[in-house]
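Structure first, then comments.
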Amino acid sequence: MSGEDKKFKSTRGIAAIFQAKLVLMVMINLAQLWILAAAIEAALARHYKELLPLVVASGVCWLISLSIIFWWKPVGRR
Amino acid sequence: MSSKNLSETIEKVLSDEREVRAATAPYQAEFPYERDEEAQITRREFCNFLAVTSTALFLGAAGFAGKAAYDSRNIQSFPPLKIDGAKDLQAGSALNFRYPTESDTAILIRAADGNYYAFGQKCTHLSCPVYYAKESDRIECPCHEAGFDVKTGNVLYGPPPRPLDQIAIEVQNGEVWAMGRIAGGHES
């Protein structure tokens, strides 16, 4: 097996994982954008009781995105 | 654009690129890097950028909610103001005044039952000035066809998300005084 082939085989899985992470992050960002818009709408309408659940939801999204970045690492072949 | 113009434009852009490459060639030799690679962004970098965006969106939502919550607790008090002309107001009519500042227009309505009601004149949808419609006994917004209850300021129909700001009034010796302003839909 040539060096190029080895390199391709070793990076193929990592690229797929980063692609999956990227897709998840984009979806989380879209959800957070929606939450921010809803929070602004609720604040302007003075529906203050809706603000806390929205901020909590945004925080959960943020924690998920942090976990994706820092803890979702590709596992080596065993 | 004709094909001649298009080909001229393409040639100009390409020649600009060639000129830049020619001009930077000595520096490229000393500090070699690939211009094409520089323009690329990896998945990992884009993921990191999205994480930063996620942080910013969370902080934005939290900050906005925090400011709104702080503002809701910070109830302003305004000095009383005598509303000129209110004494002579006929039932089923309205007049405009300014309260609490000169830039805040308000509307005083004397309803058919003879009682006075006052509201901020800004529609809570997009701040168009509302008016009293005598025939329907409602406060209406002409911009997007919204209607408000004349006694409570509550939204009857249309796009506004909350009631009109209410102005507390008192009748003293036949004179009508504005005593304060309460944000419509205010939750304690």
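The residue that is nearest to the chain's Cα centre (by Cα), counting only those in segment B:71-121 that are surrounded by fewer than 12 Cβ atoms within 10 Å (Cβ to Cβ) and of a type in the set (S, T, N, Q), is B:S103. Restricting attention to segment A:45-63, the residues being surrounded by 15 or more Cβ atoms within 10 Å (Cβ to Cβ), over 22 Å from the mean Cα position of the chain (by Cα) and not aliphatic (A, V, I, L, M) number 4.
If you filter segment A:30-44 down to residues that are without any contact (Cβ under 8 Å) to a residue 12 or more places away in the chain and more than 17 Å from the chain's Cα centre (by Cα), you find that the one that is farthest from the other protein chains (Cβ to nearest Cβ) is A:A37. For segment B:76-88, a residue qualifies if it is touching a residue at least 24 places away in the same chain (Cβ under 8 Å) and either more than 17 Å from B:A168 (Cβ to Cβ) or of a type in the set (V, I, T) (or both), and the qualifying residues are B:I83, B:K87.
Residues that are hydrophobic (A, V, I, L, M, F, W, C) and at pLDDT 85 or above were ranked within segment A:64-78; the one that is surrounded by the fewest Cβ atoms within 10 Å (Cβ to Cβ) is A:F70. Does B:S54 count as hydroxyl-bearing (S, T, Y) and either within 22 Å of B:A183 (Cα to Cα) or modelled with pLDDT under 85 (or both)? The answer is no for B:S54. Select from segment B:159-169 the residues that are farther than 15 Å from B:A111 by Cβ and more than 14 Å from every other protein chain (Cβ to nearest Cβ) and list them in ascending order. The answer is B:A168, and nothing else.
The values are calculated or read from the model by the stated rules, or taken from the named source; none is laboratory data. Since this is a predicted model, take the numbers as computed values, not measurements. Cβ atoms come from the backbone with ideal geometry, glycine included; neighbour counts cover every protein chain shown.
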